[in-house]
Amino acid sequence: MNKTIDELANRWFKRRPDGLSVLESRVLQSTLERTTITRDTNKAVAFHQTFGDRLADSIARIGGSWSFIVTFLVFLVLWTSGNVWLLSRNAFDPYPFIFLNLVLSMVAALQAPVIMMAQNRQTERDRIDAAHDYEVNLKAEIEIMALHEKLDELRHGQIIGMRDEILQLTEMVKRIDERLSQQQSAS
């Protein structure tokens with residue numbers, strides 16, 4: 001494929017090369033060089049994560065799990081039953097459970113922003129994955145179009161070859177017909 005990005009941009013995108021995005025130019029370049037464009041986006045994202053990012057992701061992963069929910073429910077049951085039945089006289093946190101409410105409020109106040117940070121990063125990861133998927137799909141589409149062109153060229157060459165063979169056969173039939181005509185007129 002001795003083509004340039006200019007030719008490919010005009011043929012497949014119906015645009016001039018200066019009207020292509022960086023992504024489209026990269027796809028065309030990889031098509032010309034016959035290289036792959038797939039990459040592990042998770043490695044790229046993990047490479048740029050800070051300690052705080054990894055910590056927030058871990059907290060969100062734990063805080064959004066069934067094991068956390070079940071453990072927290074067991075903790076709440078133990079806290080309330082311990083303060084109501086077991087420690088009824090000298091309860092650490094008597095009935096309205098003011099200290100428990102304070103602890104729950106602090107956990108919620110800290111956990112909610114951390115989970116939101118993790119969701120924002122996940123959204124960014126999703127954007128990166130979507131852009132990469134678009135890039136791979138575009139490359140696949142271009143490769144399929146190139147294969148169609150090659151098949152069309154092969155088919156066209158075969159049709160031309162068949163036409164030439166038919167012309168040769170037609171000439172041979174004419175010569176045979178002329179010889180037969182000459183032999184019949186001679187007899």
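Okay, here's what the table says:
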read-out	value
Answer from Asp164, Asp126 - the residue that is under 30 Å from Phe68 (Cα atoms) and at pLDDT 90 or above	Asp126
Residue identified as at pLDDT below 85, over 20 Å from Asn120 (Cα atoms) and assigned to a helix (DSSP H, G or I) among Asn10, Asn42	Asn10
Residue match in the stretch 69-83 (condition: modelled with pLDDT under 80 and either outside any helix (DSSP H, G or I) or farther than 30 Å from Val114 by Cα (or both))	no
Verdict on Ser30 being out of contact with any Gly (no Cβ under 8 Å at 6 or more places or on another chain), hydroxyl-bearing (Ser, Thr, Tyr), part of a helix (DSSP H, G or I) and exposed (fewer than 14 other Cβ atoms within 10 Å of the Cβ)	no
Residue list for the stretch 45-68, filter: under 30 Å from Ser25 (Cβ atoms) and assigned to a loop (DSSP other than H, G, I, E, B)	His48, Gln49
Evaluation of Asn101 against (1) assigned to a helix (DSSP H, G or I); (2) surrounded by fewer than 11 Cβ atoms within 10 Å (Cβ to Cβ) (one fails), failing number	(2)
Pairs with Cβ under 6 Å, 6+ apart, first in the stretch 100-121 and farther than 18 Å from Phe51 by Cβ and in contact (Cβ under 8 Å) with a residue 60 or more places away in the chain, second in a helix (DSSP H, G or I) and of a type in the set (Ser, Thr, Tyr)	none
Pairs, first more than 14 Å from Phe13 (Cα to Cα) in the stretch 138-157, second assigned to a helix (DSSP H, G or I) and not aliphatic (A, V, I, L, M), C-beta under 9 Å, six or more apart	Glu149/Arg11
Selection count where residues are in contact with a Lys or Arg (Cβ under 8 Å, 6 or more places away or on another chain) and under 23 Å from Ala131 (Cα atoms), scope the stretch 50-80	2
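The values are calculated or read from the model by the stated rules, or taken from the named source; none is laboratory data. What you see is a predicted model, and the numbers here were worked out from it, not measured in a lab. Please note: Cβ atoms are built from the backbone with ideal geometry, for glycine as well, and neighbour counts cover all protein chains shown.
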